[in-house]
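Every read-out reported here was derived from the displayed coordinates using simple, explicitly stated rules and does not represent laboratory data. No experiment lies behind these values; they were computed from the predicted model shown. Backbone-built Cβ (ideal geometry, glycine too); neighbour counts: all protein chains shown.
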């Protein structure tokens, strides 16, 4: 007779998800408009379960997510076997951010996660939202998940569980 290992509870799943989010750098943002889907990888920083990234305001993924008021995103561990697959699947909304406390915190998190970004700026440049916009022609966006799933084949093949945010 075999006994199964108990499945992790919400608290443990949140910790596993937070660990994966911290370990990874890119998130695939997906949109769909008029029966045509699109996906784009973006570098992200996070504050808890809220995700921030810079992107061109004219890019397809930004335009579609803002106009449809919905997007999906995935973060996953690069694995070489199906037994190692683990990831996060989310759906939610995208918002453009202006200067303010939230964008300042997000920018700090982004610079901490991607310190090489500072190499693109001279000491005379402003390292703020305006500086990023001027240097890269981008804006800061927030992806706010409404639905959040953690999947992990290390726990069990096809293990997938909703995490309450």
Revision key, fill the gap. Which of 139, 126, 14 fluctuates most in a GNM of the chain (C-alpha springs under 10 Å)? That residue is 126
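Can you tell me how much longer the chain between residue 83 and residue 118 gets when fully stretched, taken as 0.36 nm per residue apart minus their C-alpha distance, in nm with one decimal?
Working: separation 35, 0.36 × 35 = 12.60 nm, distance 3.76 nm.
That works out to 8.8 nm of additional length.
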Check your understanding: Which residue, 57, 115, 145, has the most motion in a Gaussian network model of the chain that connects Cα atoms within less than 10 Å?
Key -> 115
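In deg cm²/dmol and to the nearest 500, what is the mean residue ellipticity at 222 nm of the chain if only DSSP H runs of at least 4 residues count, each as -39500 (n - 2.57), divided by the residue total?
Numbers: 4 runs with 44 residues, N = 165.
Mean residue ellipticity, 222 nm, calculated: -8000 deg cm²/dmol.
By average Cβ neighbour count within 10 Å, what is the ranking of 31-38, 60-67 from highest down? Walk me through the numbers before you get to the answer.
Working: 31-38: 12.1, 60-67: 19.0.
Ranked by mean Cβ neighbours within 10 Å, highest first: 60-67, 31-38.
Can you give the extra length, in nm with one decimal, that the chain gains between residue 18 and residue 146 once fully stretched, where that is 0.36 nm per residue apart less the Cα-Cα distance? Numbers along the way, then the final one.
Values: separation 128, 0.36 × 128 = 46.08 nm, distance 1.62 nm.
Here the answer is 44.5 nm.
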Check your understanding: Separation of segment 137-156 and segment 86-130 by C-alpha centroid, Å?
Key -> 16 Å
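Using 0.36 nm per residue of separation minus the Cα-Cα distance, give me the extension gain between residue 10 and residue 25 in nm, one decimal. Each step should come with its number before you reach the end.
Working: separation 15, 0.36 × 15 = 5.40 nm, distance 2.39 nm.
Additional length available on full extension: 3.0 nm.
Can you give the FRET efficiency to the nearest 0.05 for residue 159 and residue 91, using r as the Cβ-Cβ distance and R₀ = 22 Å?
Numbers: r = 19 Å, r/R0 = 0.88.
Calculated value: 0.70.
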Revision key, fill the gap. Expected max-MSF residue from 88, 50, 21 in the GNM of the chain (alpha carbon, under 10 Å) is 50
